[in-house]
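Structure first, then comments.
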Amino acid sequence: MKRISEVCFSILFVGILFAVPLLILFHGSKIQALYYENRALSAVPEANAEDLLSGDYFSQWDSWLTDHVAGRERLLKLNTWLDYRLLDRPAVNGIVEGEGGILFPFQAYGTWDLDYLSEDAAAVCDSLAQLDQLVSSYGGRFYYVGLPLQNAFYYDRYPDYLENRYWHISAMTEAFAGAMEERGLAFLDMEPVLRAAQTDNQPLYAASDHHFNYYGAYLTYRSVMERITADLGRDLPVLTADDLTFQALENPFLGSRNRKLYGLWPGSEPLTIGVQREPVAFDRTDNGLSVPAQLFRLPTTPTEPVDYNVYMGGDVAETVLSTHRPELPDLLIFGDSFTNPLETLFYTGFDETRSLDLRYADLSLLDYVAEHHPDVVLCIQDDTSYLSTEGNGNIH
């Protein structure tokens, strides 16, 4: 009898193993993306000899099943609530909360030798020197605009019992700035500018997101435009604070760090946009296709959450804004998502503004510049990306 019961149990167990994937496959969720994890669902694995032999095929099924399990987001949100709100763990889903309720990424403990930074900085800046030489060859100007990431800007508010790793970020900045100076390249480090302007009444960075807010973006825009106009010796249109109405959206803002907490952060902060009082008209294309001439992707209701993708609709491989004022110079911006709010401001001072995100654009930046000859080229990167040769760090 015992033997029969063991066999029955084994058959039942194996049946469940086969039934669960089939139920998920035929009756699972129809959603295509994981909202809070901000990524697409794993696709159904395709069998091939190489993956079968290596075992990757079965690992892919494991990822697929994990993504498509019924009630996945509700279960993960419940687990996050238990860890974050009930048990008050210091780090939840890779996020820690610091002074003033600011959310930070968890940093592992440990230090290491930083001698490699100077060599890495030299290699990156040698590449940027090629870009600068190309831009200079037809009379243009190249600037590298450096921005602190939110956790670097607020490093002193990180929990003192955890590792903020600012020693690493500041060393990268120092090595990069030195290598840029050695090659005579224009490095506009916004960290001291932003720190000098930060006040308790007007934060320049988000508390729950890794970006600066629109006030930080506007200050960066003004500072860079002052440098450009001085170097070009031209009286380019520059938006003053009086030219904009800073409008805080009513919608709840889901910052990138709060997203990892499934929106359970007890704090709140608005997402702000800048509405021009006398709008500069423009046409817009994304990836070569004409799209509505919009700077902000605004919600349709006052209750739906908004995120940083409000600015320019998020990351796009190539965006072109044309104001049809040929008497003004042309601008090219390339960089990560920090560029998005800046694009809503910079375009007003130029005839044509092109923006590239090389993480998505399948092209050579050097070839693109050689084709279009922009008068001003801006690389806009955060301090953790200075020494990267991937994405917007790969210009070849």
Taking 340-347, 316-323, 227-234 and ranking on average Cβ neighbours within 10 Å, highest first, one gets 340-347, 316-323, 227-234
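Can you tell me the alpha carbon radius of gyration of region 291-340 divided by the globular rule-of-thumb value 2.2 N^0.38 Å?
Values: Rg = 13.5 Å, N = 50, 2.2 N^0.38 = 9.7 Å.
Dividing the Cα radius of gyration by 2.2 N^0.38 Å gives 1.39.
Is the shape of region 299-396 best called rounded, prolate or oblate, per the rule: a/c under 1.5 gives rounded, else a/b larger than b/c gives prolate, else oblate, with a ≥ b ≥ c the square roots of the Cα gyration tensor eigenvalues?
Working: a/c = 2.14, a/b = 1.18, b/c = 1.82.
Taking the square roots of the gyration eigenvalues as a ≥ b ≥ c, region 299-396 is oblate.
By average Cβ neighbour count within 10 Å, what is the ranking of 355-367, 77-89 from highest down? All intermediate terms of the calculation are to be shown ahead of the outcome.
Numbers: 355-367: 16.8, 77-89: 13.7.
Peptide ranking by packing, descending: 355-367, 77-89.
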The set of residues whose placed amide H lies less than 5 Å from the amide H of L162, leaving out same-chain residues fewer than 5 positions away, is none
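Sort the following peptides by mean Cβ neighbour count (other Cβ atoms within 10 Å, averaged over residues), highest first: 253-261, 93-101, 300-308, 381-389. Provide the component values of the computation, followed by the final result.
Values: 253-261: 22.8, 93-101: 16.8, 300-308: 12.7, 381-389: 19.8.
Ranked from most to least packed, the peptides come out as 253-261, 381-389, 93-101, 300-308.
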Restricting to Cα pairs under 8 Å and 6 or more apart, the percent relative contact order of region 108-233 works out to 29
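Which value, in debye to the nearest 20, describes the size of the charge dipole of region 103-201 about its Cα centre when Lys and Arg Cβ atoms bear +1, Asp and Glu Cβ atoms bear -1, and nothing else is charged? The partial results should precede the final answer.
Values: 5 positive and 15 negative charges, 80 e Å.
It works out to roughly 380 debye.
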Taking every other residue with Cβ under 12 Å from the Cβ of V310 and scoring Lys and Arg +1, Asp and Glu -1, one gets -2
Note, region 212-220: 3J(HN,Hα) by Karplus (6.51, -1.76, 1.60, θ = phi - 60°), whole Hz, Gly/Pro = x, goes 6, 8, 5, 5, x, 5, 5, 4, 5
Taking N as the residue count of region 123-193, its alpha carbon Rg divided by 2.2 N^0.38 Å gives 1.36
Note to self: C-alpha centroids of region 109-128 and region 341-396 sit apart, in Å, by 22
Taking a ≥ b ≥ c as the square roots of the eigenvalues of the Cα gyration tensor, with a/c under 1.5 meaning rounded and otherwise prolate when a/b exceeds b/c and oblate if not, region 90-219 is oblate
With every protein chain kept in place and a 1.4 Å probe, region 313-388 has an accessible area per residue in Å² of 28
hull vol. (C-alpha, convex hull) per residue for region 193-351, Å³ -> 131
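The values are calculated or read from the model by the stated rules, or taken from the named source; none is laboratory data. Given the structure is predicted, the values throughout are model-derived calculations rather than measurements. Heads up, the Cβs are rebuilt from the backbone with ideal geometry, glycines too, and the neighbour counts pull from every protein chain shown. These area figures cover heavy atoms from the full protein model, side chains too; ligands, DNA and RNA do not enter into them. Shrake-Rupley method; radii C 1.70, N 1.55, O 1.52, S 1.80 Å.
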